[in-house]
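Q: After the structure tokens below, expect a handful of questions from me.
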Amino acid sequence: MTKEQAKHIIKIAIKTGRVMLKNGAETYRVEDTVTRMAQSKGLQDVNVFVIPTGIMFSADVMGETYTVLERVYPEGIDLESISRANEFSRKFTGNQIDTAEAYQFLEALNQPPKFKKWVRILASGMGGGFFVFLFGGSLFEFVLAYFASAFTVLFTDALATKHLNFFIKNILGGFFASLFGVICILITRALNLDASLNMVIIGPLMTLVPGVSLTNGIRDLISGELLAGSAKMMEALFIAIALAFGVGIVLQLSIHLL
Amino acid sequence: MALITQGIYSFLSVVGFSVLFNLPRKLIIAASISGMIGWLVYYTFQMQDTNFIIPAFMGSIAVGIVGEILAIYKKQPATLFTIPGIIPFVPGYGIYDTMRFVVEKDFNRAMTKGGESLFIAISIACGIVLATSFIRMMRPYIEKTLFSASK
């Protein structure tokens, strides 16, 4: 193996790890994948250290230590990308593809197929709406929560393309989720119908709350990844605080209306 | 009867969240089944009037076991099934309640709810980890049964 080849292998391994980490894979899985991809091609002394915002890699290339630092910006959960990256790494370690092909696969990894927009919006209504039933809500509250969730996801999707700080993004998310809820309740009051505000807000909010980050963070802590786990839990905490800000503003303003 | 309707609601809810998480199409049904089983276990234990930790713990063990078996069967990472699967009992409502009580300046209840949510999250994580390590141990045996049955 020449130096040039080793560099290509390291680059491919790191970029695969980046795709996985960016789309919400657990840190131990990323470490495992990158290590395995590098070792399968005969690199020695491979050390990989992953935190939710970066990958550090070091390996021995022809007697010299080669170190790479890759900064990663998490973008939320995209399971299709994780599945594809996993498949790709399996093929790569099994020596089924060469370097040139691997670069093509990597290109494709960065453009995963997505659901059509209207499917996504309808499904998000379903996701948030059926929660109301799980918490014992009525059919009418389900319909309201369905529309509120769909609007919230429509809104946060539009926000995702703007380069905003995650804290601001979540404040706006919480603000609009509860705003849609309050508007729905005001309309029902005007029509002399009855629905609980909590039920209507929890649906759209469920698409935003950091339950999965919180659980994944604790999972990392349990498996001994103390740094990665703490980072994820802090992320979850600050998303929750941001949502509380947004929801709090609306609840405070609407207290006289309801 | 309640079990059937709860099962249907949780199934559809997990389908919705699977699309939000951009799960590969051919895995959506499988992931939703793991979520449904998890919620039914959670619901059954919740009916027993035990404390708030046991239902989430048992539910996540169920999700973990079903998710890992599906992962072996479909040759995919288990995360694809456990992330949508735990969604129904992730403490989203608890986090919302915490925020609401803080807004209402009711810090006692906010702390109670916040602590409760944290412990539910811990018990979910524990359940998943426990199920994962258990299935890892049993893996050769499960592979043998799964793939000899399908041949």
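Q: Return the distance in nm (one decimal) between the two label points of a simple spin-label model at A:T93 and B:I29, each offset 7 Å from Cα along Cα→Cβ.
A: 3.0
Q: So what is the relative contact order for region B:42-130, in percent, with contacts set as C-alpha pairs under 8 Å and at least six apart? Can you show the working numbers first?
A: Details: 86 pairs, mean separation 33.5, N = 89.
That works out to 38 percent.
Q: I would also like to ask the following. Let me spell out the model: positive unit charges on the Cβ of Lys and Arg, negative unit charges on the Cβ of Asp and Glu, origin at the Cα centre of region B:2-150. What dipole size does that give, in debye rounded to 20?
A: Working: 11 positive and 7 negative charges, 108 e Å.
Dipole about the Cα centre, nearest 20: 520 debye.
Q: On average, how many beta carbons from a partner chain sit within 10 Å of the beta carbon of a residue in A:218-231? Mind showing how you got there, number by number?
A: Working: counts 9, 9, 1, 2, 6, 4, 0, 0, 0, 0, 0, 1, 0, 0.
Mean partner shielding for this stretch: 2.
Q: Any chance you could give the angle, 0 to 90 degrees and rounded to 10, that helix A:99-109 forms with the longest Cα principal axis of chain A?
A: 0
Q: Here is a further query. Which value in deg cm²/dmol, rounded to the nearest 500, describes the helix-derived mean residue ellipticity at 222 nm for chain A, given -39,500 (n - 2.57) per DSSP H run of n ≥ 4 and division by the residue count? Can you show the working numbers first?
A: Working: 10 runs with 176 residues, N = 258.
My calculation for chain A gives -23000 deg cm²/dmol from helical runs alone.
Q: At 0.36 nm per residue, and after removing the present C-alpha to C-alpha distance, how many nm does the segment from A:E70 to A:A190 gain when stretched out fully?
A: Numbers: separation 120, 0.36 × 120 = 43.20 nm, distance 5.50 nm.
Extending this stretch completely gives an extra 37.7 nm.
Q: Right, next: May I ask for the percentage of alpha-carbon pairs in region A:117-254 that lie more than 24 Å from each other? Write out the running numbers ahead of the final one.
A: Numbers: 3222 of 9453 pairs.
That tail contains 34 percent of the Cα-Cα pairs.
Q: If I model a spin label at A:N47 and A:F167 as a point 7 Å from the Cα along the Cα→Cβ vector, what separation in nanometres do I get?
A: 3.4
Q: Would you mind checking the tilt of helix B:92-103 against the longest principal axis of the Cα atoms of chain B, expressed as 0 to 90 degrees and rounded to 10?
A: Relative to chain B, helix B:92-103 is tipped by roughly 20 degrees.
Q: Right, another one. First check a/c for the protein assembly as shown, with a ≥ b ≥ c the square roots of the eigenvalues of its C-alpha gyration tensor; if it is under 1.5, answer rounded, and if not, answer prolate when a/b is larger than b/c or oblate otherwise.
A: Since a/c reaches 1.5 and a/b is larger than b/c, the shape of the protein assembly as shown is classed as prolate.
Q: Could you compute the net charge surrounding A:H8? Neighbours are other residues with a C-beta less than 11 Å from the C-beta of A:H8; K and R count +1, D and E count -1. Don't skip to the answer; put the middle values down first.
A: Values: positive: A:K3, A:K7, A:K11, A:K15, A:K41; negative: A:E4, A:D98.
Spelling it out: positives minus negatives among the neighbours equals +3.
Q: Could you give the dipole magnitude of region A:62-118 about its Cα centre, charging the beta-carbon of Lys and Arg +1 and that of Asp and Glu -1, in debye to the nearest 20? Before the final figure, lay out each step's value.
A: Values: 7 positive and 9 negative charges, 72 e Å.
That gives region A:62-118 a dipole magnitude of about 340 debye.
Q: Continuing with the same structure: Sorting A:E87, A:E64, A:E31 on the 10 Å Cβ count, fewest up front, what's the list?
A: Numbers: A:E87 15, A:E64 9, A:E31 20.
Going from sparsest to densest Cβ surroundings: A:E64, A:E87, A:E31.
Q: Then there is this: Would you calculate the separation in nanometres between label points at A:D32 and B:N51, each defined as 7 Å from the Cα along the Cα-to-beta-carbon direction?
A: Rounded to a tenth, the inter-label distance reads 3.1 nm.
Q: Once each part is reduced to its C-alpha centroid, what is the distance from region A:127-178 to region B:1-38 in angstrom?
A: Computed from Cα coordinates, the inter-centre distance equals 19 Å.
Q: Compute the angle between helix A:226-254 and the longest alpha-carbon principal axis of chain A, please, reported from 0 to 90 degrees and rounded to the nearest 10.
A: Helix A:226-254 sits at roughly 20 degrees to that axis.
Q: Now, a different point. Which of rounded, prolate, oblate describes region B:2-150, given a ≥ b ≥ c as roots of the alpha-carbon gyration tensor eigenvalues and a/c under 1.5 marking rounded, otherwise prolate only if a/b is larger than b/c? It would help to have the intermediate numbers written out before the result.
A: On the way: a/c = 2.19, a/b = 1.84, b/c = 1.19.
Prolate.
Q: Chymotrypsin sites (Phe, Trp or Tyr not before Pro), restricted to region B:100-148: which are DSSP loop and have at most 14 other Cβ atoms within 10 Å? Each step should come with its number before you reach the end.
A: Working: sites: B:F101, B:F107, B:F119, B:F134, B:Y141, B:F147; in loops: none.
Taking region B:100-148 and a limit of 14 other Cβ atoms within 10 Å, no loop chymotrypsin sites (Phe, Trp or Tyr not before Pro) are found.
Q: Give a quick list of trypsin sites (Lys or Arg not before Pro) in region B:1-78 that DSSP marks as loop, anything other than H, G, I, E or B, with at most 13 other Cβ atoms within 10 Å.
A: On the way: sites: B:R25, B:K26, B:K74, B:K75; in loops: B:K75.
Here the sparse-neighbourhood loop sites are B:K75.
Q: Give me the percent relative contact order of region A:3-109, please, defined on Cα pairs under 8 angstrom at least 6 residues apart. Walk me through the intermediate numbers first.
A: Values: 152 pairs, mean separation 32.4, N = 107.
That works out to 30 percent.
Q: While we're looking at this one, here's another question. Mind running the shape call on region A:150-223? Use the C-alpha gyration tensor, a ≥ b ≥ c as the square roots of the eigenvalues: rounded below 1.5 for a/c, prolate if a/b tops b/c, oblate otherwise. Walk me through the intermediate numbers first.
A: Values: a/c = 3.67, a/b = 1.67, b/c = 2.20.
Oblate is the answer for region A:150-223, as a/c is 1.5 or above yet b/c matches or exceeds a/b.
Q: Moving on. Which entries of B:K74/B:K144; A:K116/B:K26; A:K232/B:K105; A:K11/A:K41; A:K116/B:K75; A:K3/A:K41 have Cα-Cα distances beyond 18 Å here? Working shown, then result.
A: Numbers: B:K74/B:K144 14 Å; A:K116/B:K26 16 Å; A:K232/B:K105 27 Å; A:K11/A:K41 13 Å; A:K116/B:K75 26 Å; A:K3/A:K41 13 Å.
Over 18 Å apart, Cα to Cα: A:K232/B:K105; A:K116/B:K75.
Q: Cα centroid distance between region A:14-92 and region A:198-254, in Å?
A: That distance is 26 Å.
Q: Using the crude model of +1 on Lys and Arg Cβ and -1 on Asp and Glu Cβ, and no other charge, please compute the dipole size for the protein assembly as shown relative to its Cα centre, in debye to 20. Walk me through the intermediate numbers first.
A: Values: 34 positive and 28 negative charges, 158 e Å.
Once rounded to the nearest 20, the dipole reads 760 debye.
Q: Let me ask you something else. Of the options A:A231, A:F180, A:S196, report the single residue whose Cα projects farthest towards the positive end of the charge dipole of region A:117-254 (beta-carbon charges: Lys, Arg +1; Asp, Glu -1).
A: Highest projection toward the positive end goes to A:F180.
Q: Under 8 Å for C-alpha pairs, at least 6 residues apart: give me the relative contact order for chain B, rounded to a whole percent. Spell out each step's value before the answer.
A: Numbers: 182 pairs, mean separation 38.0, N = 151.
Result for chain B is 25 percent.
Any read-out appearing in this document is the output of simple, stated calculations on the displayed coordinates, not a laboratory observation. Computed from a prediction, not measured in an experiment: that's the story for all the values here. So basically every Cβ, Gly included, is an ideal-geometry build from the backbone, and we count neighbours across all protein chains shown.
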